[in-house]
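The values are calculated or read from the model by the stated rules, or taken from the named source; none is laboratory data. Remember, it's a predicted structure, so these values are computed and weren't measured experimentally. Positions of Cβ are backbone-derived with ideal geometry, glycine not excepted, and every protein chain shown enters the neighbour counts.
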Amino acid sequence: MAKPTKEDASLLVQIFAIGIADEKFQKASDWFFFDMNETNYDEFKQKYPMGSEGYMNFMKITSYAELVCTLVNREVLSEDLVFETYGDMMWDKAKPLVHGLRKDLGIPRFLENFEVCVMKYPKWAENNPPKV
């Protein structure tokens, strides 16, 4: 992908600002990163059934990731900026749950862009070593 542009930066800042400004999104984010520890889909489903607050929090966070990753995959948003900002920190936690939801919902492409984008991360990280 081409060097990030000011338009890429502006779009990423806009997307980030939407999340920061939304109290419910911030609550969901805190829950995802600090409270949600289920790595097994069956345990997740039992603790957070469809419609529960935990389920809705999971959907908010992963839908946000899906949006950002769709823009990256379609080369509308710079992969460099997204990976430098977010890395792949969410996918390891979300992966088993996403795969379980795909089966339960009968939607094999559910959150597909999130997964495809994160699959690009190792190569990106190899080509962009840590700065510190």
Which one of the conditions (1) in a helix (DSSP H, G or I); (2) without any contact (Cβ under 8 Å) to a residue 60 or more places away in the chain does P49 fail to meet, given that it meets all the rest?
(1)
Candidate set: region 19-28, residues that are among the small types (G, A, S) and touching a helix residue (DSSP H, G or I) at 6+ places or on another chain (Cβ under 6 Å); chosen: the one modelled with the lowest pLDDT
G19
Select from region 52-81 the residues that are more than 14 Å from F16 (Cα to Cα), of a type in the set (A, V, I, L, M) and touching a residue at least 12 places away in the same chain (Cβ under 8 Å) and list them in ascending order.
M56, V72, V76
Condition test on A28, is it outside any loop (DSSP other than H, G, I, E, B) and touching a Lys or Arg at 6+ places or on another chain (Cβ under 8 Å)?
yes
Residues of region 11-40 being more than 17 Å from the chain's Cα centre (by Cα) and more than 25 Å from L81 (Cα to Cα), in sequence order, are N40
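Just the residues that are hydrophobic (A, V, I, L, M, F, W, C), assigned to a helix (DSSP H, G or I) and either more than 25 Å from E38 (Cα to Cα) or out of contact with any helix residue (DSSP H, G or I) (no Cβ under 6 Å at 6 or more places or on another chain) (or both), please, taken from region 69-82. Steps first, please.
Our first condition is that a residue be hydrophobic (A, V, I, L, M, F, W, C); within region 69-82, this holds for 69, 71-72, 76-77, 81-82.
Subsequent filtering for residues that are assigned to a helix (DSSP H, G or I) retains 69, 71-72, 81-82.
Scanning region 69-82 gives L71, V72, L81, V82.
Restricting attention to region 96-128, and to residues there that are among the charged types (D, E, K, R) and surrounded by 16 or more Cβ atoms within 10 Å (Cβ to Cβ), which single residue is farthest from I61 (Cα to Cα)? Talk me through it step by step, then tell me what you get.
So in region 96-128, the residues among the charged types (D, E, K, R) come out as 102-104, 109, 112, 115, 120, 123, 126.
Next, from what is left, pick out any that are surrounded by 16 or more Cβ atoms within 10 Å (Cβ to Cβ): 102, 112, 115, 120.
Working: R102: 16, E112: 14, E115: 14, K120: 20 Å.
Only one residue fits best here, namely K120.
Conditions (1) under 17 Å from M90 (Cβ atoms); (2) loosely packed, with under 11 Cβ neighbours inside 10 Å; (3) hydroxyl-bearing (S, T, Y); (4) at pLDDT below 95, marked per residue:
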site	(1), (2), (3), (4)
T5	no, no, yes, yes
Q14	no, yes, no, yes
A17	no, yes, no, yes
W31	yes, no, no, no
T39	yes, no, yes, yes
E43	no, no, no, no
E53	no, no, no, no
M59	yes, no, no, no
T62	yes, no, yes, no
